[in-house]
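Asker: My structure is below; once you've seen it, I'll send some questions.
Derivation of every value follows stated rules applied to the coordinates shown; laboratory data play no part. Quick caveat: nothing in here was measured; it's all calculated off a predicted structure. When we count neighbours, we look across all protein chains shown, and the Cβ atoms used for this are built from the backbone with ideal geometry, even at glycine.
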Amino acid sequence: MDASASSPAAPDPAPAPRTPATPGPPYPAAPAPVSRLRRILTPVGVMAAVVGAFGYVATVDPNEPGHYPVCPMLRLTGILCPGCGGLRSAHAFAHGDLVTALGANALAVAGYAVFAAVWLLWTVRAVRGQPLRIGLAPRYWWGVGAVLLLFSVVRNLPFGSALAP
């Protein structure tokens, strides 16, 4: 019989603590703490870009012809896409005229509200050091597509002319 089979198994000796002088792979570097300013830099940069874009649209009136290109879908087919009137909506929104903004493109105004809510959530989570994780199931994306399609169809029909810009 084997002597090791009859004796209880001895525990493996604990490895000796490693020091920088001990040969072997280097220690993994601990992640450096990220400052609060650095964490909010991206959301603040995105908001600066959005404010700049709205500032440009507020300054250069899309109601005057020649400043912006015409919607290709409207030009080629005569059908209003879900984004038609979006620049006029942004112009009116930037000037504080919510009624005109809703009349130009109500879906765009709803998009502004959704963007503001997501941006606020993103900024709060960045300040707290938490990642922004918004995972939408495919059925929600299909729902967004259905709303866009329905909005496009209704605004191009005679009874939905109130949604047309």
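Asker: Of the listed peptides 155-165, 59-69, what is their order by residue-averaged count of other C-beta atoms within 10 Å, with the highest listed first? Don't skip to the end; give the middle numbers.
Answerer: Values: 155-165: 13.4, 59-69: 10.3.
Peptide ranking by packing, descending: 155-165, 59-69.
Asker: Something else about it: Over the Cα atoms of segment 36-152, what Rg and Dmax result, in angstrom?
Answerer: For segment 36-152, the Cα radius of gyration and maximum Cα-Cα distance read 16.7, 50 Å.
Asker: Please turn the phi angles of segment 80-93 into ³J(HN,Hα) values with the Karplus equation 6.51 cos²θ - 1.76 cosθ + 1.60 (θ = phi - 60°), one per residue in order, whole Hz, x for glycine and proline.
Answerer: Couplings: 6, 8, x, x, 4, x, x, 5, 5, 5, 5, 4, 5, 4 Hz.
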